Structures are given as structure tokens and as C-alpha cells.
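Contents: one structure, followed by commentary.
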Amino acid sequence: MAAVVKGADVALKLKEDIACRLEKLRADGRDAKLAILSAGDDPANASYERGIIKVFTSLGIAHEKVVLEEGITQQEFDEAFTKLNEDASVTGILVFRPLPKPLSIEFAAKTINPDKDIDCMGYINQALTAMGSRECYYPCTAEAVLKFLEYENYDLAYKNVVVIGRSTVVGRPLVSMLISRNATVTCCHTKTADITDRISNADVIVTAAGSTGLLKGEMLKNAKEDCFCIDVGINMRKDGQGICGDIDFESVEPLVGRITTVPGGVGSVTSTLLAEHVVRGAEIMRR
Ligand code: NAD
């Protein structure tokens with residue numbers, strides 16, 4: 001039976017650190033503030049935003065929402081973005097993506113102040129992440145996976161990690177982040193021939209595919225008993241009753257050493273990391 005590593009425990013540790021750092025900032029006459037910029041009303045954004053606001057409210061961090069109508073022009077969007085980028089009171093900017101068509105994120109990605117780029121939307125932080133930097137902002141979801149490993153004091157040297165998913169927001173940056181922490185990484189995707197074979201020697205498996213039941217117990221018959229399975233996927237359950245991950249928990253859990261759940265796993269840490277980044281923005285921004 002696997003030990004379940006809970007997102008709430010990982011997030012709590014982060015929140016304690018954030019609270020101390022906020023206190024120091026405020027004693028120094030500074031503060032942190034998040035700005036959320038969105039265009040249109042995608043319901044997926046609304047649910048993500050509720051989670052973010054809950055975390056920011058619980059930590060007492062200011063947040064501002066700028067909601068633009070779906071039909072705005074590219075120039076109007078870029079101007080709204082620039083206003084936040086130049087606002088000295090804003091220490092982190094989150095732009096909800098994808099933007100409604102035909103709006104493009106390109107201007108914002110090129111011009112965002114790297115110190116305010118708290119979800120690694122800009123080209124500078126993306127390049128630094130790909131180059132293995134430890135100083136830049138990582139995409140929060142990918143970094144949340146690292147936080148689970150850190151929480152467990154998991155040393156990645158000499159370990160085989162399989163990441164399933166190669167998107168630019170989760171899979172790819174995570175591969176770079178893991179390599180720079182000494183893991184030996186295999187990345188699987190929809191054109192990988194035999195995922196069962198790839199995971200047979202894995203110490204850690206991260207599923208970030210968005211595919212219900214992608215990882216099943218029958219694929220883990222030859223897997224390591226102490227394998228740590230981390231589920232990033234968020235999928236609607238087939239019965240319509242809430243969400244589930246990419247891991248078939250019932251069949252996988254008895255065969256591995258550690259596992260995370262959905263809900264209650266990576267998603268619970270992502271918004272807290274966003275708060276950590278907004279505080280870091282305030283710490284590093286010039287006064
Ligand atoms: P994406 O659709 O952009 O990328 C999915 C990747 O998985 C692709 O590279 C694809 O090749 C691979 N993939 C899909 N099905 C596969 C299969 N059957 N076998 C092998 N590879 C497969 O998605 P994304 O934005 O990277 O997000 C991945 C998942 O993580 C989604 O379920 C998403 O909802 C979830 N997510 C969670 C959080 C969080 O906070 N927990 C945040 C962002 C995304």
C-alpha cells in the first residue's frame with residue numbers, strides 16, 4: 001500500500017514560509033500584489049481564479065482583477081497589459097491563457113518584466129527554465145511537482161524519472177527542472193511506442209497528460225515497489241461527479257511506494273506557489 005502524499009501538507013509548509021516573508025517585507029515598508037488579466041469568460045478560468053483568490057485571501061495578499069471583454073482589439077489588450085507591467089504596486093502578473101481568438105499573447109510574452117512573470121509566461125523565464133536555471137520563475141504547475149519531491153526530501157541523483165506529457169506549460173519545463181536536479185529523465189507522449197516498457201525502471205512517474213486512466217496497475221507489474229507516482233492531470237470524471245487525474249488510483253496505489261491524489265494533490269499546491277512567486281516579486285523588485 002502506498003503512502004499518500006497530500007497537497008494540503010505540501011501547501012501548508014509553503015504557506016508558513018510565505019507568511020514569514022510577508023511579515024519581513026511589510027516591516028520594510030513593502031508589499032506584494034497580484035494582478036490577474038483575462039479576456040472573455042472561460043468557465044475553466046473562473047474555477048482556477050476562485051482557487052487563487054481563496055489562497056491569496058487566506059494569506060492576506062492583495063489581488064486585483066482586470067477583466068476585458070472578449071471582442072477587444074489586440075492594441076487594447078496590449079495596453080491593459082502594459083499598464084499592469086508598469087504599475088509599481090503590482091509584483092506579479094497572471095494572464096489567463098489561452099486568450100480568446102484572435103488575440104495573441106506575443107507582445108505580453110516579449111515585454112513582461114521578468115520579475116513580475118510569476119507563471120513563466122514570458123520568453124525570458126521560459127528560456128531560463130529550459131537552460132536549467134534555478135533563479136527564474138518556473139511554471140507553477142511544473143514547480144508544484146518539485147515541491148512534492150522536496151517535501152519528501154527526495155534526492156533525484158541516480159533516479160529515473162518518467163514524465164508523461166510534453167506540453168510547454170507542464171511536461172517540457174518539468175523535464176528541464178528535473179534534469180538540473182540530477183534526475184535521469186524520460187519524456188513520454190502520444191507518439192511514444194511503449195509507455196509500459198519506459199516506466200518499468202522508473203523511480204518516479206509524473207503523469208501530465210490530461211487522459212483519464214492513462215496509468216493503470218497492469219502497466220506497473222514490473223515497476224519498482226517504491227515508485228513515487230505524481231498525478232498532474234485534471235480530468236472530468238466520466239460520471240460527471242467532480243474531477244480525477246491521469247492515474248487509475250485503485251489499481252496503481254497497491255503497487256507503488258508513494259502516490260498523490262486528484263483532487264487533493266498537485267492542484268492544491270499550484271495556487272500557493274503563485275502566491276510564493278508574487279511575494280518573491282516584491283522581494284526582488286527595485287523600490
Ligand atoms: P496538454 O494537452 O497541453 O498536453 C498534454 C500532453 O500529454 C501532450 O504532450 C500529449 O502528447 C501528452 N498525452 C496526452 N495523452 C496522452 C496519452 N494517452 N499517452 C501519452 N501522452 C499523452 O496539457 P497540459 O496543459 O500540459 O496539462 C496536462 C494535464 O495537467 C491536464 O489534465 C491539465 O488539466 C492538467 N493541469 C493541471 C494543473 C494543476 O494545477 N494540477 C495545471 C495545469 C494543467
Here is a list of conditions, (1) more than 15 Å from Leu94 (Cα to Cα); (2) in a strand (DSSP E or B), and His63 meets all of them except one; can you say which number that is?
(1)
Answer yes or no as to whether Asn182 is more than 30 Å from Asp115 (Cβ to Cβ), of a type outside the set (Val, Ile, Thr) and in the same structural domain as Glu253 (by TED's automatic domain parsing).
no
Return the residues of region 131-153 that are closer than 19 Å to Thr260 by Cβ, out of contact with any Pro (no Cβ under 7 Å at 6 or more places or on another chain) and within 16 Å of the ligand (Cβ to nearest atom); say none if nothing qualifies.
Cys140, Thr141, Glu143, Ala144, Val145, Leu146, Lys147, Phe148, Leu149, Tyr151
Tell me, which residue of region 77-101 that is touching a Gly at 6+ places or on another chain (Cβ under 6 Å) and assigned to a loop (DSSP other than H, G, I, E, B) is farthest from Val278 (Cα to Cα)?
Pro100
Residues of region 256-278 being away from the ligand (no atom under 14 Å from the Cβ) and farther than 30 Å from Asp115 by Cβ, in sequence order, are Val256, Gly257, Arg258, Ile259
Would you mention how many residues in region 225-262 are under 19 Å from Asp9 (Cβ atoms), of a type outside the set (Val, Ile, Thr) and without any contact (Cβ under 8 Å) to a residue 60 or more places away in the chain?
3
Criterion: part of a loop (DSSP other than H, G, I, E, B), surrounded by 18 or more Cβ atoms within 10 Å (Cβ to Cβ) and away from the ligand (no atom under 16 Å from the Cβ) - qualifying residue of Leu156, Leu128:
Leu156
Would you check which residues across region 1-54 are under 24 Å from Val232 (Cα atoms), of a type in the set (Gly, Ala, Ser) and assigned to a helix (DSSP H, G or I) and list them?
Gly7, Ala8, Ala11, Ala44, Ala46, Ser47, Gly51
Run down Ala62, Ala32, Ala44, Ala39 and say which single residue is small (Gly, Ala, Ser) and within 15 Å of Ile105 (Cα to Cα).
Ala39
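The values are calculated or read from the model by the stated rules, or taken from the named source; none is laboratory data. This is a predicted model, so every value here is computed, not measured. Reconstructed Cβ throughout: ideal geometry from the backbone, glycine too, with neighbour counts over all protein chains shown.
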